[in-house]
Amino acid sequence: MLQRGAVDSTAPRRGGPRPEVVRVGVFVGALVLAGLGAAVAGSVAGELTAPGATTAVRLVLLVAGALVAGLGLVHPLTGARESAPPGRWHRRVAWASGLLAAAAALAGYLHGDVSRTGTLVWVVAALAVPALLEIRHASARWTVPVAALPGVVLVAVTFGSAHTGLAFAADVVYAVASSVLLAALAALTLRAFGDGVPGPGADRALDQDGGAVGERSNSSDVLIDDRSPSARPSSGPAAAPGWPVRLGSVGLVAAVVAALAGAARILTAGPYSVIDLVGTAYGRAALVAVALPAVAAVVLLALCRTAYRRAAPVAAGATRRGGVRHDAAGAPAAADGVRSAVLAGATGAVVALGVAAASVAGLLPAPAPAAVPGQALLRTVALDGVNVPVLVAPMRPGPNLVQLGGSGYPATGDAATQQPGPGGTGAPSTPAGAAGGEADPGTAGHDMGGTAGTGGHEMATHGGSATVAADGDPVGFVSRPGARGGWAVVDIPAGTTSLTVSMAGDSATVPVSVGDSVGDAPSSALTGRDGPECASAIVGAALGGTPGTVTSCPSQALDPEQAGALTATVRTMAEKGARNVRLVGDASPRSVAATRLVRDEGRKAGLAFTPDAGNDPNSALVVVSGWEQAVDVLGEVRQRAATTPTHLGGTFLAPWLLTGDVLRQTASAFLPLSFAPNEPEAQRFALALAATHPDTAPSASGYLAWAREIGVRTDPRPSLYGAAAVNVPMSIEPQGSSGHHGGPDPAAWFPGGTVVPVSGPMEGSP
């Protein structure tokens, strides 16, 4: 006969909080502390790209969401009878994690990180599982896992939001496996502590034939009747010997799958080198996300073996001595269960830390691409807590051009800084947007990030010289006229696996792979005076999706479209009344061909190219050199124009000289262009460049390389554009930009100036 409401009079009652409250508080607290620990670790690394509130919302949302969704998935394996819900603390932890996830979604909505629809879906998915766990109906056994599926999908999609393809699939598998693993460990812990172990009264009922019957477990809702074998603890929700084995086995499989999925994430999304795996915050987070499920697998394997050993004696019958149930081997089963529960709970907290590490990886800069021989390397390195862009090309044995982001580098002609060596001195080197350095408008405040850019603001100042070294002496970075950042040419021997970049007392290792063959890389053009323009074209092509293979540079040949533009410009100059022309070029093949073309077409149109044209105040200036020579000439003309009339016939620049650091050297100039810098496609290119490679200014060479890769067509009939310096604050924020109200326009082709059409399409062909 069952007696409802029977109370175990021998159970001690003490003041203070109930043990169950302490247990659930410790478990939930472990989850929160795990998330906060990952956030603090990421913040210390100085590489988190999101605000603290966004990081906290993501961590709580994913960890709590994974737990509540996982509890729903493993519900049929927890041993719950079809006519009764699981233990009350199992349900209460589900409510706690569901409410945490819902609160995080609401906080994300208030902070602007989660949309209104997304918030509603998150709240419904997070609360559906604990609500259904309260239903006392046979259908709840399988409806709960179905209701948990939306939550699992949300967690998986949020995990994989930063990746595509195979990397996204690995993220999804990791999220699902981690949810099941976390829930399995939680269920094992809660069942062993309070939702499945018979209380002292039940033990006493088993030991006495005529003792109290129908007593409740001290933390279970299941009635225990000594006289009915079907009502003994072995048939209760969690007392059946097989349920820990089943649940532990599922957790073990989930742990192995999570570890393998984490390894697949590294193989498909990076980091691609051991140096980056252990030397970057993303790499360390990825390692933690793999290692902790692996640790959980080892622990669960031990727990499953223990459960198997205990299952046989329990099935054969247990003995009691001194009021304590012992197994066939004489070991106290209750104590063994408590130890297993403690181990499972601690492992659950460890897995929660792994889930937090995997989630925080989505807020860190994306891993650098793998170094491939013959393909330019574009990545960032952390120097003194600042992510600084680095470019290495052509990634072949021999001379390689290296660009380091920032400003304030020594001038090119300072021989003392070309080979500074250890302890060398030089001008302070400051990353773009940093205090103390001259940052170009339109890029200040941005650092090189992943697919969407970081949008961060680096304000640290670096003093001292910056150098790069392969196997030999370090080479100092210097500035180049017409280009941003610091530049160095370093000889990389075949087989070299890394470069060392040093700045302001800090250093970073850059993994490289140059192979053994020189190949067909244009070393002389890339490492010469036109190297920065060639680098700009490389970045533009890479932005368009190419692997960055370097086979030629723009200065190696005169493009037919540019030849047509120069021909049309010469004819327009003659029509406007120009007579005497000063023509400036350099020794590059493109400039030599352009010089010959302009002279030939000019003489046909009646223009004169006299040696003293530079002294004629009414002459026109035509510049067809590279960036470096153009900066020197335009700077000289600007100085002369401040005191005497100079080139009143106008300044005409070759189309490849469209870049802000060249244009800023002149008050006004004309350029023949086959595209409009203010058209949507050109703005799209400039915005993408500012978001991903902020230390590379928009240029005609970069845009044309990008346009060729994505299939954007240019106008075969160029128009004449006027570039002029204007003192109008550039506060435009094009759609999709990360600019700030009142700040510089990140899509400005001419910071501090404007480029507008001054003619319609010009007719002309070589």
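Loop-resident trypsin sites (Lys or Arg not before Pro) (DSSP state other than H, G, I, E or B) in the stretch 106-167 with no more than 12 further Cβ atoms inside 10 Å of their Cβ: 136. Annotation for residue 636 and residue 507: the two label points, set 7 Å from Cα along the Cα-Cβ direction, are 4.2 nm apart. Placing a label point 7 Å from the Cα of residue 708 along the Cα-to-Cβ direction, the residues of the stretch 555-593 whose backbone N falls under 20 Å of that point are 555-567, 588-593. Label reach from residue 608 (point 7 Å along Cα→C-beta): in the stretch 618-643, amide nitrogens under 17 Å belong to 618-622.
The listed peptides 672-680, 702-710, ordered by packing as a protection proxy, come out as 702-710, 672-680 (highest mean of other Cβ atoms within 10 Å first). Taking each residue as 0.36 nm, the span from residue 667 to residue 166 lengthens on full extension beyond its C-alpha to C-alpha distance by 175.2 nm. Would you mind pulling out the separation of the Cα centroids of the stretch 545-574 and the stretch 689-722, in Å? Using only Cα atoms, the two centres lie 12 Å from each other.
Per-peptide packing, taken as the mean over residues of other Cβ atoms within 10 Å, places 152-160, 354-362 in the sequence 354-362, 152-160 from highest down. Ranked by the mean number of other Cβ atoms within 10 Å of their residues, highest first, the peptides 473-481, 402-410 fall in the order 402-410, 473-481.
Spatial offset of the stretch 463-511 relative to the stretch 616-678 amounts to 32 Å, using the alpha carbon center of each.
Rule-based calculations on the coordinates, nothing more; no lab input. This structure is a prediction, so every number in the text was calculated from the model and none was measured. Quick reminder, even Gly has a Cβ in these numbers, built from the backbone with ideal geometry, and neighbours come from all protein chains shown.
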